[in-house]
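Each value in this text was obtained by applying a stated rule to the coordinates, not by laboratory testing. Computed from a predicted model, the values in this text were never measured in an experiment. Here Cβ is always computed from backbone atoms with ideal geometry, including for glycine, and neighbour counts include all displayed protein chains.
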Amino acid sequence: MTTARTFAATLLLILAAASLGAQSAQASGKELTIEEKFLQKSIELQVLKEQAFAPEYDSKMLALDDIAEKMSKGSLGSEAADVEFILEYLAMEGTSHTVREGLRLANYFPDVRRRSTELLGKVRTEQSKNALITVLLNDDEPMVKAQAAYALGELGMNENNEVAAALVFAVDREDHTRADNNWGYAMALAFEKLHQKTGGLKYPGAFRALVKISQGNYLATVKQKALQVLEQMKK
């Protein structure tokens, strides 16, 4: 963590110095170079990208902490598209796109993917919805898939039952004799949220998926939640 913080602090100082030079050039009437204009765009954004795309776990988590703070303040502004790209990249790093060092899979951090997926669900765009579907269907870690499912339910975007179909597909391919309880509960919650936010989910596959969860090898609380959501959807 100390190394990542030192790296970020050093980079910030370097970029800040370059930015001050660009500001001085602008004040003197000198035409800015492409590099100077680029640095002026956003010092913080450049640091954020360096942290996110660095290979170290701690650096990536620092970037996610910064993004979470920006979101809580509602201060993304013109950087929203860049932040969304960073979140998509981190949510899929190690799964949809991989980095290998010899035979070893590098940058495989489920915690980073889960946190990125959580934040991606707060972006609330068509692109973020599509990215969450990709995470749901491509990731191999239950906690990441569970987060993606919950985020999709929270978004409540389900044109042509696209999200409902993705959730059903995820349930259909799962081995319910060995499935993760947190994942099963999150799937039930996802159907519930989607039902509530869309004014009623009538997609037939959703009923079938919830029945599968209610009959699977889950804890009683998971089964009860699936049955509870089924009752809601019948009304």
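At a glance:
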quantity: Interchain or long-range residues, amide H under 5 Å from ALA106's placed H; calculated: VAL99, ARG100, GLU101
quantity: Efficiency of FRET between HIS176 and GLN127 - r from beta-carbon atoms, R0 41 angstrom, step 0.05; calculated: 0.85
quantity: Stretch gain in nm, segment VAL99-PHE169, where the contour uses 0.36 nm per residue and the Cα spacing is subtracted; calculated: 22.5 nm
quantity: Fully extended contour minus Cα-Cα distance, from LYS234 to LEU45, at 0.36 nm per residue; calculated: 63.3 nm
quantity: Anisotropy class of the range 38-194 from Cα gyration tensor, a/c 1.5 cut; calculated: oblate
quantity: Spin-label model distance (nm) - ASP82 vs GLU56, 7 Å beyond Cα toward Cβ; calculated: 2.2 nm
quantity: Vicinal HN-Hα couplings computed from phi for the range 163-176 (Karplus, 6.51 cos²θ - 1.76 cosθ + 1.60; Hz; Gly/Pro x); calculated: 6, 4, 5, 5, 5, 5, 4, 5, 5, 4, 8, 7, 8, 7
quantity: Cα radius of gyration and Dmax for the range 70-143 (Å); calculated: 12.9, 42
quantity: Cα-based shape type of the range 112-235, given that a ≥ b ≥ c are square roots of the gyration tensor eigenvalues and the cut on a/c is 1.5; calculated: oblate
quantity: Global geometry of the range 49-90, whether rounded, prolate or oblate, following the gyration tensor of its Cα atoms and the 1.5 cut on a/c; calculated: oblate
quantity: Listed peptides 98-105, 222-229 by packing density, highest first (mean Cβ within 10 Å); calculated: 222-229, 98-105
